[in-house]
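Here's the structure, in structure tokens; my notes come after.
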Amino acid sequence: MSDDYKQMWKDLGLNLEAHDMLLNVLGNAYKDIYLAQINRPEGMGYFDFVMSEVHGLRIKELIDEKAQGRKIIGSYCVFVPEEIVLAANATLVGLCSGADFAVEEVEKYLPRNTCALIKSAFGFKLGKVCPYLESADMVVGENTCDGKKKAYESLGSLIDNLYVMDLPQMKSEQGKAILKGEYYRFKEAVEKLTGVAITAESLKNAIKTVNAKRSAIHRLSELRKADPVPISGLDALLANQVFFYDNPARFTESVNKICDELEKRIQDKQGAVPAKTPRILLSGCPMAVPNWKLPWIVETSGAVIVGEESCVGERGTRNLVDESCDTVDKMMGAITDRYFKVDCAIFTPNQERLNHIVEMAENYKADGVIHYGLQFCQPYIMESIPVEKALEGKNIPTLRVETDYGMEDAGQLKTRVQAFIEQLR
Ligand code: BJ8
């Protein structure tokens, strides 16, 4: 690592020793899992570069933006509208992380039976290892599951710029009104932070930018319906993960470039794996970098992942904001309409999600579904039972998996996944 980067991390207040440790873990996992793959599209070179510079060049870009007066806003949930952030001339970055860190310290703040995603957010703060978090001028927490909701009360004592967004729990008209009210409150907070008043023009442009980013991901997803599938699930997941912190325009361009290549691969019947390889749909909790454990197990056990029903995947990216509105109020309404369709398991009842999983399994021609629940995640683990029933009703085999970020259960998981794949053949 260059001395410039070291100085930059030091200026951000990172613990350099702990941060080096984290980068080593990340680099080794990437090498073992990603660079070990064969038949990768050439366009994935861009994502290899992004990952090698994830705490380097991208952070430097953010610091340069800050020097020019632009604000950085961090978020832990796909309910935080990037459109509003961009329209106020700020940058949104995802903060969820997929690795355990500073576990002992974390357990001074949170009970042991808290999901790994929440613990990891605390670990990255307490260990002082996340340059995204440390460069954020505002961090948005959202009242989704009980774990996050209560955790933000403690996180507020560690982060002085925490903003909490309330969210409804039911998909009713009142629920939508709550969300809309919260989006207006957020708009005001962002305008106050940046000193920039959002106009119809800036909001329209922001909607177009985010729609373009989501459309590129939709295009990528569409191409995964082919057999042989032209890209591995691991690579597609990586694109979905990078979605949260790359520059939006550059990300869109890079994903579209890969799609051009994948279209050519499909014409040539060239796959990331041979035709007729068992196809898996993953469904459940989000997988943040570097949480690649389950996809890696699946794809080294003779199957390929063809879709993710996840917030780091189709649940987070499907649906665009209507671009035809011409006033800020109408656009705020269109933004609310789009986000209100996100079928997170915190909603009750949540039939929409069950329908969407069945629909995805059919559309992506999945031979089976693996439902992934993070240990202690009540909403998704409870919902995994109705999910399994809905899929059983359509004769789609399902495997329910509960795990965390540790590797202790990798062997046992692999045995279960292999047996499931065997049953699909
Ligand atoms: S919209 S899925 S990103 S809340 S895994 S912290 S649910 S106990 S992450 Fe999420 Fe927004 Fe919903 Fe999506 Fe709680 Fe479960 Fe932990 Fe979770």
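Quick check on Asn205: is it in a helix (DSSP H, G or I) and surrounded by fewer than 17 Cβ atoms within 10 Å (Cβ to Cβ)? Considered against the rule, which asks whether it is in a helix (DSSP H, G or I) and surrounded by fewer than 17 Cβ atoms within 10 Å (Cβ to Cβ), Asn205 comes out as yes.
Here's the yes/no breakdown for (1) without any contact (Cβ under 8 Å) to a residue 40 or more places away in the chain; (2) away from the ligand (no atom under 15 Å from the Cβ); (3) outside any helix (DSSP H, G or I):
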residue: Tyr152; (1), (2), (3): yes, no, no
residue: Ile159; (1), (2), (3): yes, yes, yes
residue: Leu167; (1), (2), (3): no, no, yes
residue: Lys187; (1), (2), (3): no, yes, no
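With respect to the conditions (1) within 12 Å of the ligand (Cβ to nearest atom); (2) within 30 Å of Asp4 (Cβ to Cβ); (3) outside any helix (DSSP H, G or I), Gly69 lacks only one, and its number is (1).
Where helices (runs of 4 or more DSSP H) fall wholly inside segment 220-326, the ranges with 3 or more residues that are open to solvent by 40 Å² or more (accessible area, probe 1.4 Å) and more than 25 Å from Asp337 (Cα to Cα) are 248-267. Checked against (1) within 16 Å of the ligand (Cβ to nearest atom); (2) open to solvent by 20 Å² or more (accessible area, probe 1.4 Å); (3) of a type in the set (Gly, Ala, Ser), Ala99 meets all criteria but (2). So is Lys148 crowded, with 17+ Cβ neighbours inside 10 Å, within 12 Å of the ligand (Cβ to nearest atom) and free of Cβ contacts under 8 Å to residues at least 24 places away in the same chain or not? Spelling it out, it is not the case that Lys148 is crowded, with 17+ Cβ neighbours inside 10 Å, within 12 Å of the ligand (Cβ to nearest atom) and free of Cβ contacts under 8 Å to residues at least 24 places away in the same chain. Looking at Glu383, Glu362, Glu392, just one residue is open to solvent by less than 70 Å² (accessible area, probe 1.4 Å) and farther than 23 Å from Val289 by Cα, and that residue is Glu383. When segment 367-425 is limited to residues that are acidic (Asp, Glu) and over 19 Å from the mean Cα position of the chain (by Cα), the one that is nearest to the ligand (Cβ to nearest atom) turns out to be Glu383.
Restricting Glu83, Glu17, Glu61 to those that are closer than 24 Å to Ser254 by Cα and either more than 20 Å from the chain's Cα centre (by Cα) or within 16 Å of the ligand (Cβ to nearest atom) (or both) reduces the list to Glu61. Could you grab me the full set of residues in segment 327-344 that are open to solvent by less than 10 Å² (accessible area, probe 1.4 Å) and within 16 Å of the ligand (Cβ to nearest atom)? Those that are open to solvent by less than 10 Å² (accessible area, probe 1.4 Å) and within 16 Å of the ligand (Cβ to nearest atom): Ile335, Thr336, Arg338, Tyr339, Val342, Asp343.
Scanning segment 112-143 for residues that are of a type in the set (Ser, Thr, Tyr) and farther than 18 Å from Ile72 by Cα, we see that the one that is nearest to the ligand (Cβ to nearest atom) is Thr114.
So is Asp160 under 27 Å from Asp64 (Cβ atoms), of a type outside the set (S, T, N, Q) and open to solvent by 40 Å² or more (accessible area, probe 1.4 Å) or not? When the stated conditions are applied, Asp160 passes them. Within segment 1-29, the set of residues being open to solvent by less than 20 Å² (accessible area, probe 1.4 Å) and part of a helix (DSSP H, G or I) comprises Trp9, Ala18, His19, Leu22.
The values are calculated or read from the model by the stated rules, or taken from the named source; none is laboratory data. Model, not experiment: these values are computed from the prediction. Positions of Cβ are generated from backbone atoms using ideal geometry, with glycine treated the same way; all protein chains shown enter the neighbour counts. Ligands, DNA and RNA are excluded from the accessible area calculation, which covers all protein heavy atoms including side chains. Shrake-Rupley method; radii C 1.70, N 1.55, O 1.52, S 1.80 Å.
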